[in-house]
Amino acid sequence: MKDLHGIFVALVTPFLPDGTVNKPALRKLIRMNLQKGVNGFYCCGSTAEAFMLSHTERKEVLETCAEEIVGKAALIAHIGEISQDGAADLARHAAGLGVDAISSVAPFYYPFTFEEIRSYYYALAESTGLPVILYHFPGYSGVKLSENQLASFLEDPRFIGLKHTSSDFFVLERLHTRFPDRYLFNGYDEMFLSGLVAGATGGIGSTYNLMAEKFIRMYALVQEGRWDEARCIQADVNKVISVLLRVGVIPGIKGLLTLMGIEAGNARAPFHTLSSEEMEQLRAVLPHVQTL
Ligand code: HMN
């Protein structure tokens, strides 16, 4: 199995003005990040507006990603849906494209029991035999699993890791200590260093679309124990993230990408279209995105 340590870009889905997927822009974005030396990509996740894409669009986006990425970097496909059958269908499709692992958020909206959530994940694991990475994002999904519930998956060899989009670094540390050979991806980019301290083996992030080189550098500095330098880069990155959190993370990343020359378009409604005042705020942090 491919090594999944390091920096994984959670790709956005660029859209054309008519609202359809802009595949050339997606390819350009992937190539820019391959050139920067990222370890891999996380496709069709939250950042990609996955839950606002049709099933067919999700497959097409992943096909484009696979064409660009397979053989050059690692590829993790997020195939999560509320429906187990729908997710399994996406998983089988992903397996046919040569992805390295599948990942899924827990089924959400309905108050599923833990047994129901577990059977969802087991069905996914069985649908393809590909390794599975749990996507734990209580802030958005509303599904919060405990340390022991997460551990019950990680002790199963089919579940090779966890994407931890949470600021509960106590749980992350406990899981790292209990499962030192599992992949633990930090999810909140603004707390990347904190995640590494707690034992994260890398990160999957939306703002990596814009500034992967800074996360690559931070990761390398931490391996060398150069924490102060890494902290300076985190502070620099956080200037950008503060603005993104103000204007809306996904619309804001797309706005900045457009300023960088990658036509990412607008986020899908009901996300708002950026106002000229918001574009000005993004323009003000553009120098932090373009230089290290
Ligand atoms: C994904 O599933 O696309 C990403 O991995 C999600 C990732 O954890 C991001 N979360 C969201 O976009 C909701 C973070 O990178 C986040 O955007 C960033 O830390 C700013 O808060």
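What order, most packed first, do the peptides 54-63, 258-267, 180-189, 3-12 have when packing is the mean number of other Cβ atoms within 10 Å of each residue?
3-12, 180-189, 258-267, 54-63
How large is ³J(HN,Hα) for each residue in segment 260-270, as worked out from phi by the Karplus curve 6.51 cos²θ - 1.76 cosθ + 1.60 (θ = phi - 60°), to whole Hz, x for Gly and Pro?
Ordered by residue, 3J(HN,Hα) equals 7, x, 10, 6, 7, x, 8, 6, 6, 4, x Hz.
Name the shape class, rounded, prolate or oblate, that the alpha-carbon gyration tensor gives for segment 6-226, where a ≥ b ≥ c are the square roots of its eigenvalues, rounded holds for a/c under 1.5, and otherwise prolate holds if a/b is larger than b/c and oblate otherwise.
Note, shape of segment 6-226 comes out oblate.
What FRET efficiency comes out for the pair ILE82/ASP3, r = Cβ-Cβ distance, R0 = 45 Å, nearest 0.05?
The value I calculate is 0.90.
Pick out, in residue order, every one of the GluC sites (Glu not before Pro) in segment 137-200 that is DSSP loop and has at most 11 other C-beta atoms within 10 Å; say none if there are none.
GLU155
Separation of segment 75-123 and segment 242-262 by C-alpha centroid, Å?
28 Å
Express the relative contact order of segment 6-226 as a whole percentage, based on alpha carbon pairs under 8 Å and six or more residues apart in sequence.
Result for segment 6-226 is 20 percent.
Using amide H atoms built in the peptide plane, which far-off residues or other-chain residues are under 5 Å from PHE41 H to H?
VAL9, ALA74, LEU75, ILE76
Taking the DSSP beta bridges in the chain as the whole, what percent of them are antiparallel, to the nearest 5?
5 percent
Percent relative contact order of segment 140-292, based on C-alpha pairs within less than 8 angstrom and at least six residues apart?
Relative contact order, segment 140-292: 16 percent.
Could you tell me the number of lysine pairs in segment 6-226 with C-alpha atoms less than 17 Å from each other, where the two lysines are 8 or more residues apart or belong to different chains?
Total qualifying Lys-Lys pairs in segment 6-226 comes to 6.
Throughout, read-outs are computed from the coordinates displayed, never taken from laboratory work. Keep in mind that what you see is a predicted model, and the values were worked out from it rather than measured. Using ideal geometry, Cβ is built from the backbone for each residue, glycine included, and neighbour counts are taken over all protein chains shown.
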